[in-house]
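Following: one structure in structure tokens, then a few remarks.
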Amino acid sequence: MAAARQPSRPNTKLYNLRDARGESQEDVADALNRLAAARGRTTAVAGNHVSRWERGANYPSPLYRQLLAEHFEVAVAELGLVRQRSVATGRPGPMVGAAADFLVFSDGEPDEDPDVVASKEEWLLARKQINAFHTPLMHAAAQLYPEAVRVGSTGLLADPTWIIDGPLIDLAEVKIDIDDTAALPLIDGTGAESLAVRPLRSASERYERYSQAVRDVARPRLFENRPSWRLTAATFDEGAARLSFGDMTYFDAMDVCEAIAHETAAGLVVNGTSVAAPTMRGLKLRQAVGDPFDLTRRAQIMSINTLTIRLDKAGVGTVILHNRSAANVATSGGIVGVMPAGVFQPSTVRGGLRGNDFDLWRNIMREYSEEYLGNAEHAGDGYGADYTTEPFLSLEQARAEGTLRIFCAGLALGALDLWAGLETIAVIDAEVFDSIFAGMVDANDEGTVMRIGAAVPTVHVPFTEQVIDELDATGRLAPETTFSLRTAWAHRSQLLTR
């Protein structure tokens, strides 16, 4: 029978050192961050870290031990940081003498190495800061690139030819094809340039891929390595566009895109309170990727983001927006996005059936089914989505009759993570919208439908310039949401005519 684990032993020496200086745990944390910055290191120590060290619940990494010693002006040995060790035995007897200070008997596996624990905690803190500082990080990341490729002040980047300047084009004019010639990407997230964003897996090795760390440490509710289509080429001409795709998986994108966002947060967030002036220094993975529009250097995944406008008979529009839950999703949590939005990918993992899904509009329809109506996600090892059933039949009919029109505004990359998005705008006549989405849900697997209005909350957000400005001022809009709202307003004469 396994012996009960002894409780953590409080570190009274560390507590007394702090108490003697009249400092709070937050004061110590701030001091450590300043000392690290003076060494050219970026840290994110918080008061709760100091609390755990004092309670003996965690053991600081070598860097933090050195910083603590420097702050308190003592030797490392005087910090009281006696590292506990685990030994196995049949039935432990009472511990006496000096050994009782640092030996813990256990019949099970030894505790995780404290350096590994510290590495994971630091990694998780930086990951949380991606969401906490999403907007300022997004704008800072955009400043790392020439002004010519920034899409206004949205935080998006685009090859200038990717953004449609004239009238928006019908989605039917965006042609797609399969590229069977694409070579393996040069950057896959496993090289030396990504070491800093892959935490320790054990005392002797780091996680090989960022996605593996997300799986084990962050543990999002939705996390599947789905087959997806890899964007390999994009050409936009006046009134038409062509996109080419190869094969990839969702984690191929996460291992680079999310790792780049993580690296940016770890490098630019200062003391957990603000974002520093942007610099490429230390952003090794971003530097290795280089030109963000060179689609040969990494496996570039693409989402299709659709701003949906419900248009009444008087020509008045409202939009539907989505609060993405940071706890539920692996990317872009804690922000307000368009609805629907989803990765361009098949509805089944069965390779022989995936051609039925290689269609931009069908991908959008599946997202409407899932996000608006709460239907089960069209994914897995079954036979894929059946487009002869509802709501696909009604959506197809509405588009054929012109009561649902869908336009493309261009292709862009999020500056923070370099994730590609095809930005589309759907306009649906109110009576058709109300019929197809009569059973619209309040929440889905990725978050909740945004409501506004104190007296009578509604999901129908007024499509006006004033409301767009107010939403933008919250700092919570995803960059593609800002872009789509601003673009739709600029083209309202084209969009709001029934």
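Bear in mind that the values in this text are calculations on the coordinates, not laboratory data. As the structure is a computational prediction, the values presented were derived from the model and not from experiment. Because the Cβ atoms are built from the backbone with ideal geometry, glycine has one as well, and the counts that use them run over all protein chains shown.
A cut-off of 5 Å between modelled amide H atoms, ignoring neighbours fewer than 5 places along the same chain, links Ala385 with Ser347. Going by neighbour counts of Cβ atoms within 10 Å, the residues Thr403, Thr296 line up, fewest first, as Thr296, Thr403.
Taking a ≥ b ≥ c as the square roots of the Cα gyration tensor eigenvalues, the range 375-449 comes out oblate, since a/c reaches at least 1.5 and a/b does not exceed b/c. A Förster radius of 41 Å combined with the Cβ-Cβ distance from Arg281 to Lys13 puts the calculated FRET efficiency at roughly 0.65. Around the amide H of Val270, modelled in the peptide plane, lie the amide H atoms of Val275, Ala276, all under 5 Å away and 5 or more residues distant in sequence or on another chain. In whole Hz and in residue order, list the ³J(HN,Hα) couplings for the range 396-412 that follow from phi through the Karplus curve 6.51 cos²θ - 1.76 cosθ + 1.60, θ = phi - 60°; x for Gly and Pro. My calculation for the range 396-412 gives 4, 5, 4, 5, 5, 8, x, 8, 10, 10, 10, 10, 10, 9, x, 10, 8 Hz in order. Length available on full extension from Asp170 to Phe223: 0.36 nm per residue minus the Cα-Cα distance, which gives 15.8 nm.
Within the chain, the proportion of C-alpha pairs whose separation exceeds 43 Å stands at 26%. Stretched out straight at 0.36 nm per residue, the stretch from Arg492 to Arg55 would grow longer than its current Cα-Cα span by 151.4 nm. Projected onto the charge dipole of the chain (+1 at Lys/Arg Cβ, -1 at Asp/Glu Cβ, origin at the Cα centre), which of Gln25, Ile187, Val432 gives the Cα projection farthest towards the positive end? Farthest towards the positive pole: Gln25. Beta bridges from DSSP with both residues in the chain: antiparallel share about 70 percent, rounded to the nearest 5. Charged neighbours of Ala46, selected by a Cβ distance under 13 Å, balance to -3 (K, R count +1; D, E count -1). Which whole-angstrom value gives the distance between the alpha carbon centres of the range 189-222 and the range 138-159? Here the answer is 28 Å between Cα centres. Counting every other Cβ atom within 10 Å of each residue's Cβ, Ile176, Ile406 order from fewest to most as Ile176, Ile406.
Rounded to the nearest 20, the Cβ-based charge dipole of the chain about its Cα centre (Lys and Arg +1, Asp and Glu -1) stands at 1460 debye.
Dimensions of the range 12-54 from C-alpha coordinates, computed as largest minus smallest value along each principal axis and given longest first, are 30, 18, 14 Å. Residues whose amide H comes within less than 5 Å of that of Leu477, counting only those at least five positions distant or on another chain, are Val336 (H built at 1.01 Å from N in the peptide plane).
For the range 413-498, the alpha carbon positions stretch 37, 32, 25 Å along the principal axes, listed from largest to smallest. Remark: the His460-Asp179 segment gains 97.1 nm on full extension, using 0.36 nm per residue and subtracting the alpha carbon distance.
Between the exposed loop cleavage positions of the chain, defined as chymotrypsin sites (Phe, Trp or Tyr not before Pro) in a non-H, G, I, E, B DSSP state with at most 14 neighbouring beta-carbon atoms within 10 angstrom, the longest gap is 103-382.
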